[in-house]
1. At a 10 Å Cβ-Cβ cut-off, how would you order B:SER36, A:SER192, A:SER214, fewest neighbours first?
2. Return the sequence-ordered ³J(HN,Hα) values of region A:45-59 in whole Hz as given by the Karplus equation 6.51 cos²θ - 1.76 cosθ + 1.60 applied to θ = phi - 60°, using x for Gly and Pro.
3. Quantify how strongly other chains surround peptide A:384-391 by giving the mean number of their Cβ atoms within 10 Å of each of its Cβ atoms.
4. Which three numbers, in whole Å and largest first, are the semi-axes of the equivalent ellipsoid of region B:159-244 derived from its Cα gyration tensor as √(5λ)?
5. Rounded, prolate or oblate: which one fits region B:197-335, using the alpha carbon gyration tensor with axes a ≥ b ≥ c (rounded when a/c is under 1.5, else prolate when a/b beats b/c, else oblate)?
6. Between B:LEU413 and A:GLU141, take the C-beta separation as r, use R0 = 51 Å, and let me know the FRET efficiency to the nearest 0.05.
7. Relative to the longest principal axis of chain B, what angle (0 to 90°, nearest 10) does the C-alpha long axis of helix B:416-444 take?
8. For the pairs A:LYS292/B:LYS298; A:LYS139/B:LYS219; A:LYS298/B:LYS292; A:LYS219/B:LYS227; A:LYS139/A:LYS292, note any where the Cα-Cα span goes beyond 23 Å.
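Laboratory data are not the source of any read-out in this text; all were calculated from the coordinates shown. Quantities reported herein were computed from a predicted structural model and do not represent experimental measurements. Cβ placement follows ideal geometry from the backbone for every residue including glycine, while neighbour counts extend to all protein chains displayed.
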Number of protein chains: 2
Amino acid sequence: MAAEADDTLAPEAPPLGLDEPTPPPVFRDEEDDGVSRAFVEAVRGTLEAQDAEGLRALVGDLHESDFGDLLEILFQEERIALFVLYGPDLDFTALTEVDETIRLAILRELPTELVVEGMRELEIDDAVYILEDLEDEEKFEILQKLPAMERAALQRSLDLPEDAAGRRMQTQFIAVPPFWTVGQTIDFMRESQDLPDTFYEIYVVDPAVRLKGSVSLDKILRTQRPKRIAEIMNPAEHAILATDTQEEAARVFTRYNLVSAAVVDAAGRMVGVITVDDIVDVLEEEADADIKALGGVKADEELSDSVWYITRSRFTWLFVNLLTAILASLVIGFFADALEQMVALAVLMPIVASMGGNAGTQTMTVAVRALGTRQLGRANAMRIVRREMIVGLLNGVAFAVVMGIIAAIWFDLPTLGPVIGLALVITLVSAALGGIVIPLLLDRFGVDPAVSSGPFVTTVTDVVGFFAFLGIASLWFGI
Amino acid sequence: MAAEADDTLAPEAPPLGLDEPTPPPVFRDEEDDGVSRAFVEAVRGTLEAQDAEGLRALVGDLHESDFGDLLEILFQEERIALFVLYGPDLDFTALTEVDETIRLAILRELPTELVVEGMRELEIDDAVYILEDLEDEEKFEILQKLPAMERAALQRSLDLPEDAAGRRMQTQFIAVPPFWTVGQTIDFMRESQDLPDTFYEIYVVDPAVRLKGSVSLDKILRTQRPKRIAEIMNPAEHAILATDTQEEAARVFTRYNLVSAAVVDAAGRMVGVITVDDIVDVLEEEADADIKALGGVKADEELSDSVWYITRSRFTWLFVNLLTAILASLVIGFFADALEQMVALAVLMPIVASMGGNAGTQTMTVAVRALGTRQLGRANAMRIVRREMIVGLLNGVAFAVVMGIIAAIWFDLPTLGPVIGLALVITLVSAALGGIVIPLLLDRFGVDPAVSSGPFVTTVTDVVGFFAFLGIASLWFGI
């Protein structure tokens, strides 16, 4: 994929392996884009041989993301062995790239001194990301061994609410007064030692550090040195409040195509910078959460979770589903006599409920996604409700005809046709109505529609489906 | 959300509205974050009065994204009236921010001359995005009226495959030879007229324009002027091939936290730059497609689509579902005698199938998402299959106990307990197996598992659920 991946991803040959003239293994498997088996085996070899030099030669130049992938493949005891053998100058950023379960396990097993050393090299947003899921005592143990300045900065971020945008900010940034010239600003950057690792714009603040505006680096580079910053800055339009949620921050970034944005406190003072790479992570987590929620899986479930954790986590949703299924069965039980007299009803009834369930899921999926991306709001809610009901009606009629004919022929009973047909129309219209109104109502009441719509919609489609079909049949056939 | 949104988003007062001293309406509704009714009405007022100055004062300074939101709220005839009244210097970038249906409708109704004028001001990636969904003749009509240079550049992008990364690239970029100094490079940027709108790094190429490396702007700004570019450049590691898919490009961006990346052709020559804002759109589209596919909705369905289009689009999926439902009913029909003799089976059987369906969906959701994000691959597939089956077994046993007791009490028939219990264990294990193996197999054969897994998994859970429950009951009760 990357044009020169083959040459560049393969690390240098281990300097000590002079008896081994073969080149080091390629990092990524061409086939499935995962870490190659040969590379993993080479790392295992250095761990077994306690060959620190060989290990550094292999993994020292890996990007944090590749390093994270490698950690996920290794066994837990190998991960610990790797951290210990490599020593404290290992890039702890890799820990931001692994599943939470793995991260916590590594942090808990490593000597605290090693963790503290590793944390000191990190940008503050990465350090917060790594620390935030630990228990309070564990956090405290690490924090108290950090220098006072770093501890205070970390603590400030950790004191923000769990999903606050401020937790994803770097606290190093370049801020200049508006009366500086472009030349002064460039000279300042050339001379400063304590600059952020990478940055895309500089910020303009007043003496009280209140945000006044920003200037992108390309603007600085194409402006003549004597020009004043105030003349070329953009007004402070899209600043993020530290206490805004990460989702709100992501919405601002995507809406205005930002690459970085200033973070301000309630008084408008600049406290940090959020960059788009963190926002991309937020967006991926959000999409992940929505997809999982709609599938009945908790958002925090990860591939590396234990069987026992996953079993309990999935049990909850299945239990809710059991209750709605029992409710539907109670409806069926109400028509036990009819079922006994006419077994065709028992054979056909799951079709009606299943069609309703699927049509309801279609509408619900569209509604939940549109609510999540803010495309569905008050301005168009009624229009979409109307549209979904018409779609439900049209497809209801279509499947009424198809299934009516099939049922009539299957059981050689022409009157079954209109019975199942009418039931399908009623069920598909109800499914459409439930699929759109339930997410809208949940959203209005501040409940996440992605998580909670499913069981309600299924209940509606099951109950309506069975009741409509068996009820109409009872009336029609007088049973 | 944006700290000073209230002051900054409200546009200037219309200069001609001297008889109207009230301030212009705020753009966004605080409540639901959509376009405010007052703003829409103000725009409608200028359209009715044919007040071009008033319209420009209202919408002229809107960000393209806000402008797009406004267009989506207006009626189609109002959109056209707005474009015509505003004239050719309207920012056509707004068209990249509206649904495809709306974009096509606007392009088709506007005079071609106006579209051509608007297109000329666009960056090439935006122009391609706007043109690419038009029919070939429509594209041709617009392209042939563009100047030769722009037409050629557009045509090159449009000739790439539909989901090629190259379609999202800008073709303006700054490339310098490696022997230039930082000072030379800065002077070059200060003097050039034809620079990209915004950029985050410059590229280093050889005389044949083959990509050699890149330098971020902050690196340039903090380096002394006499230093050579070759000494500070990063090697060309994460270049994107123009023919890579957009999904592959997005994977590189997220993996290596990139903000921009060079695009090269098959010979390694640099042809453009992709920036992260386009990648964010790709990621959102991808998540959108996965969520919709899992819910049985086609990826291209948009809120603005017509009732008729949506009805047909949803019909297909529902029809596939009808076939699997009929298959399940055939299984039920096989046990018609048993159902006639024991109506409790008819009442309880949907519970077994429903639990299976939900458990299968849970596993399938996790599998599809993990395949999409490349977390699930050959290295861990067997481990995950094993894990899912154990989870299915454990929850199967749990619900066997719960539902066994309920069924025995409900129908006052203790032997019903083990029958439904055993059926639940079999169904939930099969659901887990189907939920993981089906997506893995589809992925192996190059079929998108998000789109196609659902019907297969449902078929497995329905057929196994009904067959296991009714089959075991027949054997047990000898009916």
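1. Starting with the residue having the fewest Cβ neighbours, the order is A:SER192, B:SER36, A:SER214.
2. x, 5, 5, 5, 7, 6, 9, 4, 4, x, 4, 4, 5, 6, 10
3. Mean partner-chain Cβ count within 10 Å for A:384-391: 3.
4. Numbers: eigenvalues 127, 42, 24 Å².
For region B:159-244, the ellipsoid semi-axes come out as 25, 14, 11 Å.
5. On the way: a/c = 3.80, a/b = 3.24, b/c = 1.17.
Verdict is prolate for region B:197-335.
6. Plugging the Cβ-Cβ distance into 1/(1 + (r/R0)^6) gives 0.30.
7. Its long axis makes an angle of about 30 degrees.
8. Working: A:LYS292/B:LYS298 19 Å; A:LYS139/B:LYS219 35 Å; A:LYS298/B:LYS292 19 Å; A:LYS219/B:LYS227 21 Å; A:LYS139/A:LYS292 29 Å.
Among A:LYS292/B:LYS298; A:LYS139/B:LYS219; A:LYS298/B:LYS292; A:LYS219/B:LYS227; A:LYS139/A:LYS292, the Cα-Cα distance tops 23 Å for A:LYS139/B:LYS219; A:LYS139/A:LYS292.
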